[in-house]
Amino acid sequence: MTEAAVTENGGAYTAVLFSSFGGPEKHEDVIPFLRNVTRGRGIPDERLEEVATHYRALGGRSPINEQNRALIARLEAELKRRRIDLPVYWGNRNWEPYVADTVRDMHNDGHTKVVGLVTSAYSSYSSCHQYHEDFRKALDETGLMGTLAIDKARVYYNHPGFLEPVVDGVKSALEAHRANGHEPEAIEILFSTHSIPTTMADVSGPKSSWEKGSGGWYVAQHEAAIEYVMARVREDLGAEQTPENYQLVYQSRSGAPHVPWLEPDINDVIDELEARSAVVVVPIGFVTDHVEVVWDLDTEAKETAENKGLAFVRVATSGSDDRFIGALADLVQEAVTPGFERRAVIDLPGALENEKRTGDCGLECCLVRTPEGTFA
Ligand SMILES: CC1=C(CCC(=O)O)c2cc3nc(cc4[nH]c(cc5[nH]c(cc1n2)c(C)c5CCC(=O)O)c(CCC(=O)O)c4C)C(CCC(=O)O)=C3C
Ligand SMILES: [Fe+2]
């Protein structure tokens, strides 16, 4: 049976739109894909060439699409198990199936109101607002604005189904290092996320919180997530077995060199580590093991660590864990099941109130890109 709520604008949710970044599937797709990603973004050609080599090394194929297909199949099964009978459609920003084509399919199948789920857990233009824009553009392009409503679910960096698998991953990594004789004080835990321009970070989250140089909600959410994970690790392993050395680092910077992006870069941090014998790398900014993880971390950062003689363990992304699928199903239920609890284990001071009220950082969040490709 479909469990559907009547919402303010009258309709019931009858489907889910699962939306992601998209990635190439074969060599010929690589350059067209990169052109899609960087259209109007001021990314230098040399950077594109460099990124193309990462995809080439993987056979011209990003693992992201098959990972998303697997997530969708597991989500559909979990929704069925919960007796939420909503089909899950899939539409990407940068590669087939494109959001606009999927929107047309959903309309042809008779849907008028759907829940939007995205594969980014945090607030920023790239990870949140741009998905709102993708949906809006797709509706404009198909002439379905006003006919089909897509309500994007909230950010979920604070959902236990996203964070608890990270806790377990960090614990297993520490145990692996310990088994090889690395003492806690010789281990550095590096929580890694995607760098973004500092101007983009400063305006992440609702307008009321924007402040130059603050890093915005994007940085604050990561810092809070990391504190939660470390507190949970300490709770489970005890203070003695828990390294005191951990930090937020950034990866995958692009853009022109003179444009400031969030720092420090993970490779610079590894290069400068002293009195450590091992690192644990935690891809806390990502949901699945796509190219930013298997190349930028498992290949590049790993090599940086090995050159320094440091043992390297990379923690799994949460997408492989059933609790993460539970979190996605919870987000669907937050929309379709009246009174469904919004689970969150982090209270971000001054911010969560708004987030709780709107269920998101909101349509006005995480603005805005100027034509020059920088962020105002
Ligand atoms: C915050 C964030 C996430 C995390 C949240 C989320 O997951 O959404 C993310 C994820 C991803 N980024 C990805 C790939 C790329 N990102 C690029 C470029 C950029 N990313 C940015 C930000 C983010 N990116 C930004 C500000 C740019 C500059 C240009 C622009 O403003 O758009 C470029 C262009 C070349 C380059 O310079 O790297 C590529 C190829 C893939 C796919 C991997 C695969 O194929 O398996 C994924 C999941
Ligand atoms: Fe990216």
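The values are calculated or read from the model by the stated rules, or taken from the named source; none is laboratory data. Because the structure is predicted, anything quoted here is derived from the model rather than measured. Reconstructed Cβ throughout: ideal geometry from the backbone, glycine too, with neighbour counts over all protein chains shown.
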Output for the stretch 75-108, where each listed residue is buried (at least 19 other Cβ atoms within 10 Å of the Cβ), out of contact with any strand residue (DSSP E or B) (no Cβ under 8 Å at 6 or more places or on another chain) and over 18 Å from E292 (Cα atoms): I84
The stretch 278-301: number of residues that are part of a helix (DSSP H, G or I), of a type in the set (A, V, I, L, M) and within 15 Å of ligand 2 (Cβ to nearest atom): 4
Counted residues, the stretch 229-271 - those being within 14 Å of ligand 1 (Cβ to nearest atom) and of a type in the set (G, A, S): 4
Enumeration of residues in the stretch 127-153 that are within 16 Å of ligand 2 (Cβ to nearest atom) and buried (at least 21 other Cβ atoms within 10 Å of the Cβ): S127, C128, H129, Y131, D134
Residue ID - farthest from the chain's Cα centre (by Cα), chosen from residues in the stretch 124-140 that are hydrophobic (A, V, I, L, M, F, W, C) and more than 12 Å from ligand 1 (Cβ to nearest atom): L139
Residues of the stretch 112-125 satisfying the condition of being away from ligand 2 (no atom under 16 Å from the Cβ) and within 21 Å of I64 (Cα to Cα): G116, L117
Among the candidates M200, M230, residue that is over 18 Å from the mean Cα position of the chain (by Cα) and of a type outside the set (D, E): M230
Residues (among the small types (G, A, S) and at pLDDT 95 or above) located in the stretch 225-261: A225, A231, G238, A239, S252
Selected residue [at pLDDT 95 or above and within 11 Å of ligand 1 (Cβ to nearest atom)] from N108, N94: N94
Any hit, the stretch 154-174, residues being surrounded by fewer than 19 Cβ atoms within 10 Å (Cβ to Cβ), modelled with pLDDT of 95 or more and over 27 Å from I64 (Cα atoms): no
Boolean, A201 is surrounded by 23 or more Cβ atoms within 10 Å (Cβ to Cβ), small (G, A, S) and either at pLDDT 95 or above or more than 24 Å from E274 (Cβ to Cβ) (or both): yes
Unique residue being more than 16 Å from the chain's Cα centre (by Cα) and crowded, with 22+ Cβ neighbours inside 10 Å when the list is P264, P243: P243
Test: residue in the stretch 46-59 that is at pLDDT 95 or above, more than 9 Å from ligand 1 (Cβ to nearest atom) and in contact with a strand residue (DSSP E or B) (Cβ under 8 Å, 6 or more places away or on another chain): no
Residue match in the stretch 176-192 (condition: small (G, A, S), more than 16 Å from ligand 1 (Cβ to nearest atom), crowded, with 22+ Cβ neighbours inside 10 Å and at pLDDT 95 or above): no
